[in-house]
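Accompanying notes for the structure given below.
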Amino acid sequence: MRFGRRRLFDGLTVAVEPGAPLAVLGANGSGKSTLLLLFAGLLAPTGGEARLEINGATIPARDVPLRVGYVAPALDLYDALTARETLAFLTRARALPDAAARVEATLDRVGLWGRMDDPVAAFSTGMRQRLRLATALVHDPPVLLLDEPGATLDAAGRDLTASLVADGSRVVVLATNDPAEAALCPRRVELG
Ligand SMILES: Nc1ncnc2c1ncn2[C@@H]1O[C@H](COP(=O)(O)OP(=O)(O)OP(=O)(O)O)[C@@H](O)[C@H]1O
């Protein structure tokens with residue numbers, strides 16, 4: 001992957017098992033966010049291809065959003081929608097079953113049950129981050145890509161991200177500069 005003449009990484013293969021989350025570490029600008037964007041299929045590599053394989057099967061590009069939950073600080077939310085409407089939109093876009101119950105259970109999981117009918121415009125920074133986590137969880141993906149998930153969260157919110165990272169049923173990749181978050185992961189890769 002390159003930006004102009006700056007090469008970030010080349011020929012990188014990462015195998016991550018459920019129950020053994022991988023921390024992606026490195027200085028500011030080393031490429032952590034870029035790597036997660038590539039994994040999420042949200043950025044095309046400048047050369048070659050980025051491929052996501054689960055149990056040896058390559059996931060077609062169009063299916064990657066269904067198999068991956070992605071959270072990053074820059075992920076935009078729609079201010080005009082409520083939290084419930086935000087997730088309802090995603091359940092429709094992803095044609096998910098049991099949409100109403102799924103939306104409510106997910107908002108409960110991230111601690112937004114009591115505010116689910118408030119517009120996102122009225123949400124605090126940490127509440128927005130909790131809603132970002134909800135957007136990554138609502139389709140119950142086997143892969144979670146978390147870019148600095150706890151940066152704006154309170155203690156309960158950081159416990160929530162810790163429980164997501166520790167969830168042995170999912171493949172988790174966590175990009176972070178926070179040593180406490182990194183310590184949740186038994187495996188690490190250092191960029192730069
Ligand atoms: N859209 C872009 N255009 C040009 N350069 C970019 C772009 N996105 C990222 N870069 C460059 O790629 C490098 C890696 O950026 P990236 O955001 O992946 O780093 P990071 O490790 O996540 O940093 P941080 O710890 O600050 O979040 C930086 O040098 C950055 O300037």
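The values are calculated or read from the model by the stated rules, or taken from the named source; none is laboratory data. In this text the structure is predicted, and so the values were computed from the model without any measurement. Cβ atoms come from the backbone with ideal geometry, glycine included; neighbour counts cover every protein chain shown. Surface accessibility is based on the protein's heavy atoms, side chains included, excluding ligands, DNA and RNA. Shrake-Rupley method; radii C 1.70, N 1.55, O 1.52, S 1.80 Å.
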Tally the residues that are in contact (Cβ under 8 Å) with a residue 40 or more places away in the chain and closer than 19 Å to ALA27 by Cβ, restricting the search to the range 150-192. 14
What are the residues in the range 83-113 that are under 15 Å from ASP154 (Cβ atoms) and either open to solvent by 30 Å² or more (accessible area, probe 1.4 Å) or in contact (Cβ under 8 Å) with a residue 40 or more places away in the chain (or both), if any? VAL110, GLY111
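Which of the helices (runs of 4 or more DSSP H) found entirely inside the range 106-192 contain at least 2 residues meeting this: within 16 Å of the ligand (Cβ to nearest atom)? Before you say what the answer is, go through the steps one by one.
Details: elements: 125-137, 155-166, 179-182.
Answer list for the range 106-192: 125-137, 179-182.
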Restricting the range 114-149 to residues that are of a type in the set (Gly, Ala, Ser) and in contact with an Asp or Glu (Cβ under 8 Å, 6 or more places away or on another chain), which is surrounded by the most Cβ atoms within 10 Å (Cβ to Cβ)? GLY126
Has the range 64-75 got at least one residue that is loosely packed, with under 13 Cβ neighbours inside 10 Å and more than 15 Å from the ligand (Cβ to nearest atom)? no
